[in-house]
Amino acid sequence: MALLVRLLPLALALALGPAASLAGPARSPYQLVLQHSRLRGRQHGPNVCAVQKLIGTNKKYFTNCKQWYQRKICGKSTVISYECCPGYEKVPGEKGCPAALPLSNLYETLGVVGSTTTQLYTDRTEKLRPEMEGPGSFTIFAPSNEAWASLPAEVLDSLVSNVNIELLNALRYHMVNRRVLTDELKHGMALTSMYQNSDIQIHHYPNGIVTVNCARLLKADHHATNGVVHLIDKVISTVTNNIQQIIEIEDTFETLRAAVAASGLNTLLEGDGQFTLLAPTNEAFEKIPAETLNRILGDPEALRDLLKNHILKSAMCAEAIVAGMSMETLEGTTLEVGCSGDMLTINGKPIISNKDVLATNGVIHFIDELLIPDSAKTLFELAADSDVSTAVDLFRQAGLGTHLSGSERLTLLAPLNSVFKDGTPRIDAQMKNLLLNHIIKDQLASKYLYHGQTLDTLGGKKLRVFVYRNSLCIENSCIAAHDKRGRYGTLFTMDRVLTPPVGTVMDVLKGDNRFSMLVAAIQSAGLTETLNREGVYTVFAPTDEAFQALPPGELNKLLGNAKELANILKYHVGDEILVSGGIGALVRLKSLQGDKLEVSSKNNVVNVNKEPVAEADIMATNGVVYAINTVLQPPANRPQERGDELADSALEIFKQASAFSRAAQSSVKLAPVYQRLLERMKQ
């Protein structure tokens with residue numbers, strides 16, 4: 001019995017099989033990608049991995065799920081091939097790769113993994129081959145034969161001309177004095193090499209790619225009797241300079257060097273960490289208008305933001321980028337880092353001229369275009385080449401350019417270019433004043449705006465903020481895109497020209513000849529004071545045409561009954577402000593009369609109770625007015641709806657009576673209830 005108890009856990013583990021490993025250590029990204037490649041290759045036999053090969057090259061990648069379906073690496077087409085997974089080999093006459101590779105020493109394993117050139121150079125040194133064949137535990141990051149062949153001739157000559165110093169040191173730098181498998185290779189770690197204890201930088205990316213001093217691991221975890229071999233795609237060299245030191249010695253970074261010194265970021269770039277510097281060359285700075293460049297260089301805060309926008313929070317080697325990915329900068333913005341063939345791209349542009357210059361605290365890529373963040377731009381620069389450029393031209397024509405290029409804290413409400421598709425308005429005093437009312441006297445962020453907030457404009461108006469379920473509006477104009485926050489100003493992209501309120505609802509109605517009959521009716525019903533006082537109203541205002549369309553008898557009857565007139569007029573007034581941009585598909589708006597109005601919007605046409613609105617968003621200080629060509633009838637006044645309600649009630653009573661009738665047949669106790677229902681039907 002005791003033996004059975006001891007064996008039970010083992011039996012359970014065997015029964016659970018792979019499921020038991022769920023509680024084990026998490027797999028590394030590399031191992032997950034390798035596992036996916038193994039799954040895709042299993043129909044070809046055991047231990048077969050699917051690999052993607054770039055057409056026209058010898059580059060191969062273990063595939064992840066996304067790449068498998070896209071069949072692309074860096075936008076280039078791939079073909080799928082099937083080969084033995086690392087550590088296995090074929091057996092003649094059998095399917096797949098059923099046999100594990102024979103375990104031998106490091107030197108012999110180099111030949112097995114395809115690094116015969118490394119074997120050859122090891123032979124040329126006097127000391128290294130005996131070490132690789134002898135006892136111990138080592139890791140070697142072995143360059144592929146192609147990696148050695150791609151070395152510049154002068155570099156290779158300097159190595160082979162002094163094999164027992166230069167070549168030996170170079171090979172020892174590829175080695176670590178212990179066994180290190182991929183599950184131990186963590187992102188940002190450093191391994192101590194066997195050459196003067198110099199560091200080797202390791203990066204293990206979420207897409208499963210592992211780099212060693214920015215050289216990609218091609219085949220990993222090939223076990224040997226005295227260590228492990230990882231095949232890499234480059235010959236790596238020692239790294240001695242930090243990012244700041246590289247900036248100091250590169251001639252092409254003369255302007256960058258001065259900018260870093262002026263910003264005080266040199267301490268960051270020479271300190272500990274793992275960064276990616278997208279380093280703008282002198283040429284990149286020269287492409288910027290002199291006025292813009294001088295303004296930024298003379299503004300310490302804007303300069304720091306500019307430089308931080310070129311520093312990614314983690315080291316990103318070019319070999320790790322096989323598709324587009326979003327990366328955050330120290331400035332807080334997000335850059336789209338991608339690739340197109342052999343070229344790296346930033347925000348879709350192939351502006352990287354030199355890549356993977358390794359430093360002790362990260363990696364540098366040279367770029368030929370400056371990445372100016374919004375936080376370093378003026379309002380004019382924020383709007384340049386954007387979908388609000390027409391509006392900004394109007395501000396310039398109106399002589400308001402100094403507000404958009406200076407250091408005032410402002411928010412610009414700029415209508416979309418599409419708003420002016422039928423032409424731009426003429427600039428006169430009235431238009432200039434309207435434009436001034438599109439500039440708020442503070443630098444705002446839309447996420448902090450709240451319903452009912454008032455905003456002061458340069459034109460002297462107070463604008464109201466309306467927050468709806470799917471819209472954020474300022475008066476009749478709603479925000480159509482994310483904020484652009486500049487050095488001093490913020491740009492709000494708006495869906496229409498804003499019209500500030502000019503008076504109360506009654507002032508609006510009295511000032512428009514279309515509403516003379518409505519004004520008289522409001523006065524007769526005693527509602528003038530209501531629509532003149534402070535409040536939040538949405539008024540669906542019938543035009544004179546709407547009143548004249550009523551049958552004469554009905555109109556006279558309505559005007560002769562103050563109570564009924566007030567009831568109908570109150571039905572035209574909602575108890576909150578609803579601008580057209582806040583409607584969405586359908587809103588049920590409670591009226592002052594008590595019933596609800598159904599307000600909908602489709603294809604930029606607003607309807608109330610399915611009747612089209614003639615004009616929307618006439619703004620008042622205490623509400624908003626919609627002109628309609630129909631007099632709306634409350635539900636209680638609609639004969640058709642009253643008939644529908646009676647029919648619905650009769651149908652419901654009939655359903656209940658039928659149910660009770662069936663129940664009554666089985667229970668005499670329900671008879672009195674059934675009788676009462678029948679009597680109710682007779683009514």
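The values are calculated or read from the model by the stated rules, or taken from the named source; none is laboratory data. The shown structure was predicted, so the numbers you read here are calculated from the model rather than taken from an experiment. With ideal geometry, Cβ positions are generated from the backbone for all residues, glycine too; neighbour counts draw on all protein chains shown. Surface areas here come from the heavy atoms of the whole protein model, side chains and all, with no ligands, DNA or RNA. Shrake-Rupley method; radii C 1.70, N 1.55, O 1.52, S 1.80 Å.
Please give the calculated 222 nm ellipticity per residue for the chain, where each DSSP H segment of at least 4 residues contributes -39500 (n - 2.57) and the sum is spread over every residue; nearest 500 deg cm²/dmol? Mind showing how you got there, number by number?
Numbers: 27 runs with 228 residues, N = 683.
Value at 222 nm, helices only: -9000 deg cm²/dmol.
Expressed as a rounded percentage, what relative contact order does the range 433-561 have, with Cα pairs under 8 Å and six or more residues apart? Walk me through the numbers on the way to the answer.
Values: 155 pairs, mean separation 19.2, N = 129.
Contact order relative to length: 15 percent.
By per-residue mean of other Cβ atoms within 10 Å, what is the highest-first order of 396-406, 487-497, 554-564? Write down the numbers at each step before the final one.
Details: 396-406: 15.4, 487-497: 22.4, 554-564: 13.2.
Taking the mean over residues of other Cβ atoms within 10 Å, the ranking is 487-497, 396-406, 554-564.
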Handout entry: Among 316-328, 268-280, the order from most to least packed when residues are scored by Cβ within 10 Å on average
Key = 268-280, 316-328
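Once you order the gyration tensor axes a ≥ b ≥ c over the Cα atoms, which shape class does the range 503-627 get: rounded for a/c under 1.5, otherwise prolate or oblate by comparing a/b with b/c? Could the numbers behind the result be given before it?
Numbers: a/c = 1.57, a/b = 1.32, b/c = 1.19.
Judged from the Cα gyration tensor, the range 503-627 comes out prolate (a/c at least 1.5, a/b above b/c).
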Problem - Protein accessible area in the chain, 1.4 Å probe - carbon and sulfur % - result: 52 percent
Completion exercise
For the chain, averaging the sequence separation of alpha carbon pairs under 8 Å that lie six or more residues apart and dividing by its residue count, the contact order in percent is 7 percent
Problem - Cα coordinate range in the range 421-559, projected on the principal axes (Å, largest first) - result: 65, 34, 26
Practice task
Could you tell me the distance between the Cα centroids of the range 79-156 and the range 454-513, to the nearest Å?
Solution key: 70 Å
Fill in the blank from the handout: Using alpha-carbon positions, the gyration tensor of the chain gives root eigenvalues a ≥ b ≥ c; with a/c under 1.5 called rounded, otherwise prolate if a/b exceeds b/c, else oblate, the class is oblate
Fill in the blank from the handout: Any lysines whose Cα falls less than 23 Å from that of Lys76, other than same-chain ones fewer than 8 residues away, would be Lys53, Lys59, Lys60, Lys66, Lys219, Lys234, Lys349, Lys355
Fill in the blank from the handout: Mean Cβ-within-10 Å packing, highest first, puts peptides 208-215, 249-256, 308-315 in the order 208-215, 308-315, 249-256
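Is the range 326-371 best put as rounded, prolate or oblate by its Cα gyration tensor, with a ≥ b ≥ c the root eigenvalues, rounded for a/c under 1.5, and otherwise prolate when a/b is larger than b/c, oblate when not? Please report the intermediate quantities before stating the final value.
Working: a/c = 1.64, a/b = 1.02, b/c = 1.61.
It is oblate, given that a/c is not under 1.5 and a/b is not larger than b/c.
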Practice task
Would you kindly enumerate the cysteines in the chain that have no other Cys beta-carbon under 4.7 Å from their beta-carbon?
Solution key: Cys65
Fill in the blank from the handout: Computed ³J(HN,Hα) along the range 327-343: with the Karplus parameters 6.51/-1.76/1.60, θ = phi - 60°, integer Hz and x for glycine or proline, the list is 10, 8, 8, 5, 6, x, 7, 10, 10, 8, 9, x, 8, 9, x, 8, 9
Practice task
Could you do me a favour and compute the accessible area per residue for the chain, 1.4 Å probe, result in Å²?
Solution key: 49 Å²
